[in-house]
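Let me begin by presenting the structure, written as structure tokens, before commenting on it.
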Amino acid sequence: MPAKKPVIELNGLVKKYGIGDAEHRALDGVDLRIDAGEFVAIMGPSGCGKTTLLNVLGLLDRADDGEYHLDGDDVERFSGGRRARIRSEQIGIVFQNFNLIDRMTVIENVALPLTYHGMRHIKRLEAASATLKTFHLSEREYYLPHQLSGGQMQRVAIARALVNKPSLILADEPTGNLDSRSSHVIMEELAELHRRGNTILMVTHNPNLTSYASRVINMLDGRVASDKKIRVAAVSEEQTIVLRTPKKTTASGELAPKKATKKKRSKKTAKEKKS
Ligand SMILES: Nc1ncnc2c1ncn2[C@@H]1O[C@H](COP(=O)(O)OP(=O)(O)OP(=O)(O)O)[C@@H](O)[C@H]1O
Ligand SMILES: [Mg+2]
């Protein structure tokens, strides 16, 4: 079997904030290799550098020292244009604080990443609408972000991160504002993307959600403190089915009666068929 290709390879990555006596190393020598198709949960106490790491990985920020290879390429050599193109075509980011644009409607927010794809306006809105439907937000398309609940904002932020079908998904506490049932709806969507071969890095404070991941990394003081692969066999078949049965919600975010459907791995999802 050919060796898996690393999507992300970090060697001694350092990110500093402040200068002189006030200098603080938010990342203090991170070594990490993430292969295509991994679902990595990143945990660690507040301030240990999780968001800083995702910002560097998502090409939103630059490291001060060390190396970052993305798909085998040294990102330090990328021009600003190439960084922006990779961000818009390959990376989906769910921000910890949503980063929705308040003067734009929900559908415009979600369509935003497609602006860089040269897609016509109407096509962009259609794609955004289809993604919003997945997150049971169709009835909120023309709302402004401030008219939404925290959980709805979070789902819009996730829809926006996924609308361009990125292969690498960086999610900073994507379920931070959701109750446990709504969290599992989001986790199901991420699990489905993982099953389709996407690479996912998800920051979470919730140890229960790490059961969706194939690997759990704990950070401490800007470093990787522990790194564990989770063997699928460690989760019983019964547990897998319970955790991975999609829990549909209604437009208002309430849980809808559960349908006992079992999707085949090769079957196209409704979203894919539409596109
Ligand atoms: N723009 C900035 N300027 C100065 N210091 C910063 C900046 N961003 C982050 N830091 C500092 O870097 C450290 C890591 O911050 P980071 O946001 O990555 O933590 P985190 O692990 O995501 O925490 P949380 O779980 O609370 O979100 C913190 O000490 C923080 O104060
Ligand atoms: Mg953070």
Scalar couplings 3J(HN,Hα) for the stretch 151-166 by Karplus 6.51 cos²θ - 1.76 cosθ + 1.60 (θ = phi - 60°), nearest whole Hz, x for Gly and Pro, are x, 5, 4, 4, 5, 5, 4, 6, 4, 5, 5, 9, 4, 8, 6, x
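Is the shape of the stretch 5-149 rounded, prolate or oblate, going by the alpha carbon gyration tensor and its root eigenvalues a ≥ b ≥ c, with a/c under 1.5 for rounded and a/b larger than b/c for prolate?
It is prolate, given that a/c is not under 1.5 and a/b is the larger ratio.
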Going by how many other beta carbons lie within 10 Å of each one, how would you line up H69, H146, H194, H205, fewest first?
H146, H205, H69, H194
Along its three principal axes, how long is the stretch 98-210 when you only count alpha carbons? Whole Å, largest extent first please.
40, 32, 20
Once Lys and Arg get +1 and Asp and Glu get -1 on their Cβ, which of I86, L59, A22 lies farthest toward the positive end of the dipole of the stretch 1-115?
I86
What is the dipole size for the stretch 10-57, taken about its Cα centre, with +1 at each Lys and Arg Cβ and -1 at each Asp and Glu Cβ, in debye to the nearest 20?
80 debye
For the stretch 59-67, take each phi angle, set θ = phi - 60°, evaluate the Karplus expression 6.51 cos²θ - 1.76 cosθ + 1.60, and give the result in whole Hz per residue in order, putting x for glycine and proline.
6, 8, 9, 10, 6, 8, 7, x, 10
Taking H placed 1.01 Å from N in the peptide plane, check which residues at least 5 places from V94 or on another chain put their amide H under 5 Å from its amide H.
L170, A171, D172
Determine, for S46, S180, S211, the number of other Cβ atoms within 10 Å of each Cβ, and report the residues in order from fewest to most.
S46, S180, S211
Can you list the residues, at least 5 places off or on another chain, whose amide H is less than 5 Å from the amide H of K15, using H built in the peptide plane?
A26, L27, D28, G29, D64
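Read-outs throughout are calculated quantities, based only on the coordinates presented, and are distinct from any laboratory measurement. All of these numbers come straight from a predicted model, not from anything done at the bench. Cβ sites come from the backbone with ideal geometry, for glycine too, and all protein chains shown count toward neighbours.
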